[in-house]
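Data block below; observations after.
The values are calculated or read from the model by the stated rules, or taken from the named source; none is laboratory data. Quantities reported herein were computed from a predicted structural model and do not represent experimental measurements. Here Cβ is always computed from backbone atoms with ideal geometry, including for glycine, and neighbour counts include all displayed protein chains.
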Amino acid sequence: MRNEFYLDVLKPHNPGSDLIARTLMQIEGVDVVRINVDELDQRTASLHIKVGGYDLDLETITQKLEELNCALHSVDEVFYQRDFDNSEEI
């Protein structure tokens, strides 16, 4: 099943957004990560992160973010799409 999560995340200046994206791409099933910086101050950055793929688990994504010292503020949107097998005729 295809699913996507749109997350509001707070992170310190390090690690950079590119490292966060590469780390999230290592999760099994992830095929897209998009990060937008919403706010930047002296110590932290507020990010909007889209993680998409197949059979993703929010718990696994959250654990990866926590390993990078990032805090999940909210899950702003969740998307699920059922897979359809077009090879079968009805």
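In this structure, does residue 9 turn out to be touching a Leu at 6+ places or on another chain (Cβ under 6 Å), free of Cβ contacts under 8 Å to residues at least 60 places away in the same chain and surrounded by 12 or more Cβ atoms within 10 Å (Cβ to Cβ)? It is false that residue 9 is touching a Leu at 6+ places or on another chain (Cβ under 6 Å), free of Cβ contacts under 8 Å to residues at least 60 places away in the same chain and surrounded by 12 or more Cβ atoms within 10 Å (Cβ to Cβ). Which residue is nearest to residue 78 (Cα to Cα), if the candidates are limited to the stretch 17-51 and must be touching a helix residue (DSSP H, G or I) at 6+ places or on another chain (Cβ under 9 Å) and among the acidic types (Asp, Glu)? Ranking the qualifying residues of the stretch 17-51, first place goes to 31. Would you pick out the residues in the stretch 41-68 that are modelled with pLDDT under 95 and not charged (D, E, K, R)? Once the filter is applied, which keeps residues that are modelled with pLDDT under 95 and not charged (D, E, K, R), the stretch 41-68 yields only 42. Residues in the stretch 26-56 that are within 25 Å of residue 1 (Cβ to Cβ), assigned to a loop (DSSP other than H, G, I, E, B), touching a strand residue (DSSP E or B) at 6+ places or on another chain (Cβ under 9 Å) and free of Cβ contacts under 8 Å to residues at least 40 places away in the same chain: 27, 28, 29. Listed by first and then second residue, the pairs with beta-carbon distance under 7 Å, at least 6 apart or on different chains, first residue in the stretch 70-88 and within 16 Å of residue 39 (Cα to Cα) and at pLDDT below 90, second aromatic (Phe, Trp, Tyr) and part of a strand (DSSP E or B), form an empty list.
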